[in-house]
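Have a look at the structure below, then the notes.
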Amino acid sequence: MNAPALMPLTARRDGPLRGRLRAPGDKSISHRALILGAMTVGESLVHGLLEGEDVLRTAAAMRALGARLERREDGVWCIRGVGIGGFRQPAAPLDFGNSGTGCRLALGAVAGCPVTASFDGDASLRKRPMRRVLDPLERMGARIVAGAQDGRLPLTLQGARDPLPVTYESPVASAQLKSAVLLAGLAAPGETTVIENEATRDHTERLLKHFGAKITVKPFGERGRRIVLKGQPELEPASITVPADPSSAAFPLVAALIVPGSDIILEAVMTNPLRTGLITTLRDMGAQIDIVDKRGDGGEEVADLRVRAGPLKGVEVPAARAPSMIDEYPILAVAAAFAEGTTRMQGLQELRVKESDRLAATADMLRANGVDVAIEGDDLLVHGKGRAPGGAEVATRMDHRIAMAALVMGLAAENPVRIDDGAFIATSFPGFVDLMHSLGADVA
C-alpha cells in the first residue's frame, strides 16, 4: 500500500482579514450526537454535523454496529438507532483513524452491550492511552479479550452481558473518560455516578438529557461535579443543531487578533461556559472580542463573535482553566508570541497525550520560528515580543491543531511559515484553507 501523499502548505502576511465565516460544527457534539442517535429507538436528525474525517469514522462505526445513518441532499443526517444494548457484532474492526474522542466514546457505548468488537486507528491513535478508559469499563463488566500493551490499540473488547452500575471518581479531568462511563451506564440497572474533581465539558450530559435520559448534575468540592445517571432509559429520538466548534473558531479568531487591521465576525459559535477558556484568556490579554446575539440551540449556548486586531499583553493562565480550553493551547501560544511580555500556561500535562506530545510540538513550532519559549515541568512559557520572525518549516507530527496554529502564525510573521503536511487538518476542520481564503488570508 502506498503511503498517503504529503500536503505541504505555506502561510504569509498579506493585509488585514475581513468578513464573516461560520466554523465547522462542533466536533465533540458531532461525535456524541451520532453515538446517542444510534442508541435511540426511532429516527433522529442532526443538522450542521461536522463532516471531518474523525466524525465520519464514528459514523462508519455506528453503521458497523447496526445503526442506519444517511446523509440527505440538504446536509441533514438521519440516524435510525437500535436502542440501548442493541448493537450487533461488527464484521470487521472499527477503525477510528486519528480520532481519540470517537474511539473512547465508542468503547463506552459498546461496553454495555453483549457483543465483541475490535478497535483500531492510525499510527498516532495507536500511541494514545486507553487504559484509563478501560479500567472503569472493566469494573462495569466489560473485558479485554485481545489487546496491545498497556491497553493501547489495537484491542478487542467484549461488552458486558449484565453491565453493573458504578460510582467512579475520575483520576484526571477528562470529558472522554467521563462520557465513556456514562455511555456504558445507560445499559446498567440502577444509578451510575461519575465524580469529577475538576469540571470538564458537559456535552454528554446535555445531550443525554436532550434524548430523554434522567441525569442530574450537582457541584462537588470547589470546582468539581457529581453526575448521576439512571440506567436503562428508553432514549427518545430528537433533532439536534450542532453549533460552530469553538476549538475550530479559535484559529481564525486568533488570526484576526494578530494580523493588523483585521475585523471579522464568527457566526454561531458555541459559548458553553466549559468551552470558553480561550476567550476568557484572550480578553485578559486585552483582545477585542465582542460577544453578540446570544441565543440557545439544542441545549447549548451560542453567539456571534466580533474580533478585531489590537495589542496583546502576556498573562498567567491558571491550571484550573485547562479543561475549558485543552485543545486551544497551541493557538493561544501563537497569540502569546505576538503579545508583549511573558505568558505562562500552567498545568498542561494532558497535552502530552494528545495526537502528538502537543506540549513539546507547540514549543518546537514557536522556537523554530524565532520565538523565545520554555517548558518548565507542565508549564509552557512564551516570552512574547509583539512579533515573530517566522521563516521555518514546522513538523506537524500528524497533529491538525499544530498544523493550523503554525499557518496562523505565518499570516502575521515577518517571514512565511511552512508546514510539512496539512492533510490532517481535515480531521477537524474540513475546508480550513478555503475559509481562510474567504477572509483574505494567503495560505497555499
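Each reported figure results from applying straightforward, stated rules to the coordinates on display, with no laboratory input. Note that the structure is predicted; figures quoted are calculated from it, not measured. Glycine gets a Cβ as well: all are built from the backbone with ideal geometry, and neighbour counts include every protein chain shown.
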* When you take every Cα atom in the stretch 115-270, what is the radius of gyration, and what is Dmax, the widest Cα pair distance, in Å? -> 18.7, 61
* Structure fact -> Ordered by fewest other Cβ atoms within 10 Å, a rough proxy for footprinting exposure, Ile375, Ile215, Ile402 read Ile375, Ile215, Ile402
* Asked: Rounded to two decimals, what is Rg over Rh for the stretch 27-233 when you use alpha-carbon atoms and the Kirkwood radius?
  -> 0.94
* Structure fact -> Extension length gain for Arg367 and Ala320 (0.36 nm per residue less Cα distance), in nm, is 14.3 nm
* Set the Förster distance to 25 Å, then compute FRET efficiency between Arg63 and Arg352 from the Cβ-Cβ distance, nearest 0.05. => 0.15
* Using θ = phi - 60° and the Karplus relation 6.51 cos²θ - 1.76 cosθ + 1.60, list the HN-Hα couplings for the stretch 236-245 in order, rounded to whole Hz, with x at every Gly or Pro. => 9, x, 8, 9, 9, 10, 7, x, 5, 6
* Asked: Once the Cα atoms of helix 100-111 and of the chain are each reduced to a long axis, what angle between those two axes, in degrees from 0 to 90 to the nearest 10, is obtained?
  -> 10 degrees
* To do: Sort Arg13, Arg201 so the one with the fewest other Cβ atoms within 10 Å of its own Cβ comes first.
  => Arg13, Arg201
* Rounded to the nearest 10 degrees, what's the angle between the helix 400-412 long axis and the longest principal axis of the chain, both from Cα atoms, 0 to 90? => 20 degrees
* Structure fact -> Here the relative contact order (percent) of the stretch 27-233, from C-alpha pairs under 8 Å and at least 6 apart, is 17 percent
* Put +1 on the Cβ of each Lys and Arg and -1 on the Cβ of each Asp and Glu in the stretch 361-444; which of Ala406, Ser438, Leu381 then has its Cα farthest toward the positive end of the dipole? -> Ser438
* Long pairs among Lys294/Lys385; Lys27/Lys218; Lys178/Lys214; Lys178/Lys294; Lys27/Lys385; Lys218/Lys294, criterion Cα-Cα beyond 23 Å -> Lys294/Lys385; Lys27/Lys218; Lys178/Lys294; Lys27/Lys385; Lys218/Lys294
* For the chain, what relative contact order do you get, as a whole percent, if you take Cα pairs closer than 8 Å and at least 6 residues apart? -> 19 percent
* **For Rg/Rh (Cα atoms, Kirkwood Rh), calculated from these coordinates, the label among (1) 0.96; (2) 1.04; (3) 1.18** => (1)
* Structure fact -> Counting Lys and Arg as +1 and Asp and Glu as -1 over every other residue whose Cβ sits under 12 Å from the Cβ of Gly384, the net charge comes to +2
* **Nearest-0.05 FRET efficiency for Asn415 and Thr216, computed from C-beta distance (R0 41 Å)** => 0.15
* Modelled label-to-label distance, Lys313 and Gln288, 7 Å Cα→beta-carbon offset: nm? -> 1.7 nm
* Asked: Where does the chain land at 222 nm, in deg cm²/dmol rounded to the nearest 500, when only DSSP H runs of n ≥ 4 count, each adding -39500 (n - 2.57), divided by all residues?
  -> -8500 deg cm²/dmol
* Asked: Going by alpha carbons, how many degrees (0 to 90, nearest 10) lie between the helix axis of 246-258 and the longest principal axis of the chain?
  -> 0 degrees
* Asked: Normalised by the residues of the stretch 316-364, what does the relative contact order come to in percent, with Cα pairs under 8 Å and at least six apart?
  -> 44 percent
